[in-house]
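A.B. asks: Questions regarding the structure given below will be posed in turn.
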Amino acid sequence: MADGEPPRSDHSVAPSELERVRRACATFAIPGHLVELQRFDRGHIHDTWVGTFETNGVRTRYLHQGLNGTVFPDIEAVMHNVETVTAWIADRPVVSGDHIMHTLELVPTIDGFSWFADERGRAWRTYRFIENTKSCDVCEGHDQAFEASRVFAAFQRSLRDLPVDRLETTIPHFFSSPYRLQQLQKAVKEDRVGRVVEIERELAFVDERSDVVPAIELLLRDGAMSPCVVHGDTKLNNILFDKDDGHAVAVVDLDTCMVGWSLFDFGDLVRFTAATSVEDEVDLSKAGTCVDYFEAIAGGWIEGSGGATERERELMPLAARLVTLTLGMRFLADYVAGDVYFKCDPTRLAHNLERARCQFAMVADMEAKDDVLRAHCRQG
Ligand code: GN1
Ligand code: MG
């Protein structure tokens, strides 16, 4: 569990970098002056900072993000999506139980834009900081798993009528497992950093599951499943919970909100929230899926989405397995390509490989528990 306070960073920050962030902060239309700036080590993609501004003795915090232009080459499109989704949600709030979720609020630049590129071409944006919240990297219990799932399902539900052509594709084929397999195969073929020799077992694991990989894509192709707008990154830590009573307060990280398939969000919820370990656990005997949390997530999903068809219930365990397998393939592909996509802990040379192994161990555990997982989806 991490509370909403910026965790102390292990990596020291060069004064020139700090100066650059300060200049970026000054570009946004924020009253008062910056009195504190702290790194906020969250996520594998962007660089995030928390700036405290003071005006007339009152302090207000903001979240400043230096965006990753390698992962998101079209920042214009990303910000178009974030603006579209936040505006849509502002009119159709996400409700879970007795609570209305807080919508992320972008702070414009002094010139009135939602982002700007600095002199080195790096894009920056600012959100208002949501106070008195915590985010969790490990699920605290059954109720929290249920709540997280109900919130993400309600979020997707609020976006149900948003015409899909209003959103840009910021990362092509982001939700496509066959495409992720191709990326892995390409990385293996190129073997740029000579790591393929180390991953024979992992490649065999993927190979043995090649029939599962296209399962959803085929349904989409045949019209048996409709594309829809999804959150796209339903990790538990993308929900902020109230620090005092633990209820969900906000859904954050809207960068991958784009057109995908509904149960992708369910699958990613299970992958992360029902995990019996952290995402990069090296002791694989700890990696797996907690059946109790799975049940909570299935129940929360069905309630938050306003019910599920028999077909959806049938596909839920497969979605969880496929999303987990696919993320494992992505981590593995990045390891083979030389760690060019996901941020890695500099002290862990095989960080992406460790992440991939942990995902595969979860897949194996879900396979072993398939009957039980299916039964929970039928009952929920
Ligand atoms: C990345 O940065 P973060 O943690 O929000 C990734 C997700 C992965 C996730 C795995 C744009 O998200 O797709 O599921 O890591 N985001 C992107 O932890 O690739
Ligand atoms: Mg994300």
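A.B. asks: Please work out which one of (1) surrounded by 15 or more Cβ atoms within 10 Å (Cβ to Cβ); (2) within 16 Å of ligand 1 (Cβ to nearest atom) is the condition ARG157 fails and give its number.
C.D. replies: Failing condition for ARG157: (2).
A.B. asks: Which ranges mark the strands (runs of 3 or more DSSP E) fully within region 143-260 that have 3 or more residues being within 22 Å of GLY97 (Cβ to Cβ)?
C.D. replies: Details: elements: 228-230, 239-242, 248-251, 258-260.
So the answer is 239-242, 248-251.
A.B. asks: State whether one or more residues within region 324-339 are farther than 30 Å from HIS99 by Cα and aromatic (Phe, Trp, Tyr).
C.D. replies: Checking region 324-339: at least one residue is farther than 30 Å from HIS99 by Cα and aromatic (Phe, Trp, Tyr).
A.B. asks: Let me ask something else about it. Where residues in region 230-246 are touching a strand residue (DSSP E or B) at 6+ places or on another chain (Cβ under 9 Å) and more than 16 Å from ligand 2 (Cβ to nearest atom), which of them is farthest from ILE130 (Cα to Cα)?
C.D. replies: Among them, the one singled out is GLY246.
A.B. asks: Inspect region 56-72 for any residue being on the phi > 0 side of the Ramachandran plot, surrounded by fewer than 16 Cβ atoms within 10 Å (Cβ to Cβ), at pLDDT 95 or above and not assigned by TED's automatic domain parsing to the domain that holds GLY299 and give the result as yes or no.
C.D. replies: yes
A.B. asks: From THR326, THR256, THR276, which residue is polar (S, T, N, Q), under 22 Å from ALA368 (Cα atoms) and either buried (at least 22 other Cβ atoms within 10 Å of the Cβ) or under 15 Å from the mean Cα position of the chain (by Cα) (or both)?
C.D. replies: On the way: THR256 fails: under 22 Å from ALA368 (Cα atoms); THR276 fails: either buried (at least 22 other Cβ atoms within 10 Å of the Cβ) or under 15 Å from the mean Cα position of the chain (by Cα) (or both).
None of the others qualify; the one that does is THR326.
A.B. asks: Now for a separate question. Where the second residue is assigned to a loop (DSSP other than H, G, I, E, B) and of a type in the set (Lys, Arg) and the first is under 17 Å from TRP124 (Cα atoms) and lies in region 33-56, which pairs have Cβ atoms under 6 Å and are six or more apart or on separate chains?
C.D. replies: Close Cβ pairs satisfying both conditions: HIS44/LYS343; THR48/ARG42.
A.B. asks: Any residue in region 64-80 that is over 23 Å from ARG122 (Cα atoms), without any contact (Cβ under 8 Å) to a residue 40 or more places away in the chain and away from ligand 2 (no atom under 16 Å from the Cβ)?
C.D. replies: Within region 64-80, not a single residue is over 23 Å from ARG122 (Cα atoms), without any contact (Cβ under 8 Å) to a residue 40 or more places away in the chain and away from ligand 2 (no atom under 16 Å from the Cβ).
The values are calculated or read from the model by the stated rules, or taken from the named source; none is laboratory data. Note that the structure is predicted; figures quoted are calculated from it, not measured. Heads up, the Cβs are rebuilt from the backbone with ideal geometry, glycines too, and the neighbour counts pull from every protein chain shown.
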